[in-house]
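Working notes, structure below.
Taken together, the values in this text are just the output of simple stated rules run on the coordinates, not laboratory data. Treat the numbers as computed from the prediction; the structure is a model and nothing was measured. In this analysis, Cβ positions are derived from the backbone assuming ideal geometry, glycine residues included, and neighbour counts consider all displayed protein chains.
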Amino acid sequence: NIYSLGESLAELMRSCASCSFREALTDAILTIAGMRRFDRLIVECSGLVEATMAAAVFNDAIADEEPLAGLARLDQLVTVVDAATVWEGVRSADALGERGMSGGEDDTRVLSELLVEQIEHCSLIALNRSEAIDADCRERVITLLRCLNPEAEVLLASDRVAGAARILAPRDGAEHGISFQPGWAKLIDGNDSLPESSQEWSTGVFRASRPFHPERLWRCVEEDWPGVLRCKGYFWLASQPDRCFSWEQTAGSRHFEWVGHWWVATPQPEWPTNETFLRRLKSQWTIEFGDRRQELACIGYGADQETLFARLKRCLLTTDELLLGEEAWRRFADPFEQATQEAGSREDETDPE
């Protein structure tokens, strides 16, 4: 029966080749639920599927009160990690295409990006082949996983009976959806995710309340950052003072993008009005610059964090540059603006009509 069901689902997915991942997964789950024969469903996604996409299928169904929300809930989002190769993977700069894993011509991700994203966005990490590495390597891998995702449970896949029971176990609060707070986000919120007794590991947040000089920061971005496995957060450029940029880095890649305007540059009637938002905004606010700031969380192994943060500090405007004012800042040469424009042009060229 299970084998026949698998053939039916494969046919369903083939017939919906033009559907989005969300539509295909939702249709498949609704089809199975309509059979009224099963209590639990395990969905194995392609290794190229972003974990947040799978979570969004259920979270959006709950938020929009769609039929799926009344028939199924997401108890566990599991990432299976190969203990013997994960350390190499999170440090790899190989493009997915070079590994035969590309999701298409426009998929420019590298292996470390995909792997880190899948580790950070799950509720349970199944560590496969843990017996294939020695105790020291196993401890290092487990520390890596717990730094990247402190909230996820790490399960040794060698205990298959216990593993299957844990994967199928209900999750408290599943009816309200699933959310994630990776290690970098916990660091920014002031919760250090570094397990104790890990001398080679370092975690920290670079914070500053003055803008970066765009040219000095660009030169810093192009330098090597030895030992840094994860760096993510938000930054503020003097040349684009109203814009908030995100910074996302693994050992094998580094990206930045404009994600919106700082709240100080947004008309107050457009602000959210809930108390949690206002409380958080108040804690981030300064008289001079509002909520504009630098917040970059770093997780490293064998990294010289003190030296790295000193390099970033030298990228900030000096006191004399600060006194020039915003109008002068906007005239600074800005390699980030040029790079953003070029990236946008490439996207326009690849977009279908």
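Go through 89-96, 313-320 and give me the packing order, highest mean Cβ count within 10 Å leading. Present the calculation step by step, with values, prior to reporting the outcome.
Values: 89-96: 18.1, 313-320: 13.5.
The most tightly packed comes first, giving 89-96, 313-320.
Within straight-line reach of Lys232, meaning a Cα separation under 18 Å, sit the following lysines at least 8 residues removed in sequence or on another chain: Lys186, Lys313. Amide H contacts for Leu229 (H built 1.01 Å from N in the peptide plane; partners 5 or more residues away or on another chain; cut-off under 5 Å): Ile299, Gly300, Tyr301. Between Glu257 and Ser20, take the C-beta separation as r, use R0 = 30 Å, and let me know the FRET efficiency to the nearest 0.05. Here the calculated transfer efficiency is 0.85.
For segment 17-180, the spherically averaged projection of the C-alpha convex hull amounts to 10.8 nm².
So, with +1 on the Cβ of K and R and -1 on the Cβ of D and E, and no other charges, what is the size of the charge dipole of segment 78-119 about its Cα centre, to the nearest 20 debye? Could the numbers behind the result be given before it?
On the way: 3 positive and 9 negative charges, 35 e Å.
Magnitude of the dipole: close to 160 debye.
Note on Ser246 and Thr307: the extension gain reaches 19.8 nm, defined as 0.36 nm multiplied by sequence separation minus the Cα-Cα distance. Legend: calculated FRET efficiency, Glu327 to Arg37, from the Cβ-Cβ distance at R0 = 56 Å, rounded to 0.05, equals 0.20. Each label was represented as a point 7 Å from its Cα along the Cα-to-Cβ direction; for Glu153 and Ala185 these points are 2.1 nm apart. Ranking Ala157, Thr52, Ser20 by how far each Cα lies toward the positive end of the dipole of segment 17-180 (charges on Cβ) leaves Ala157 at the top. Pick out, from Trp218, Ser92, Thr143, the residue whose Cα sits farthest towards the positive end of the charge dipole of the chain, with +1 on the Cβ of Lys and Arg and -1 on the Cβ of Asp and Glu. Checking the options against the dipole of the chain, the answer is Thr143. Basic side chains Lys and Arg get +1 at the Cβ, acidic Asp and Glu get -1 at the Cβ, and with that the dipole of the chain about its Cα centre reaches some 960 debye.
If you wrap segment 121-170's Cα atoms in a convex hull and average its projection over all directions, what's the area in nm²?
On the way: hull surface 14.2 nm².
For segment 121-170, the mean projected area of the Cα convex hull comes to 3.6 nm².
Computed packing ranks the peptides 143-153, 124-134 as 143-153, 124-134, most packed first, by mean other Cβ atoms within 10 Å.
Evaluate the charge dipole of segment 205-353 about its Cα centre and quote only its size in Debye, nearest 20, assuming +1 on the Cβ of each Lys and Arg and -1 on the Cβ of each Asp and Glu. Present the calculation step by step, with values, prior to reporting the outcome.
Working: 19 positive and 26 negative charges, 177 e Å.
It works out to roughly 840 debye.
Between Val80 and Ser198, what's the calculated FRET efficiency when r is the beta-carbon distance and R0 is 22 Å? Round to 0.05. All intermediate terms of the calculation are to be shown ahead of the outcome.
Numbers: r = 24 Å, r/R0 = 1.09.
For Val80 and Ser198, the calculated efficiency is 0.35.
Inverting the mean 1/r over all pairs of different Cα atoms, compute the Kirkwood radius of the chain and quote it in Å. If you can, show how the numbers build up before the last one.
Working: mean 1/r = 0.0437 Å⁻¹.
One over the average 1/r among Cα pairs gives 22.9 Å for the chain.
Highest-first packing order for the peptide set 306-312, 111-117 is 111-117, 306-312, based on the mean count of other beta carbon atoms within 10 Å.
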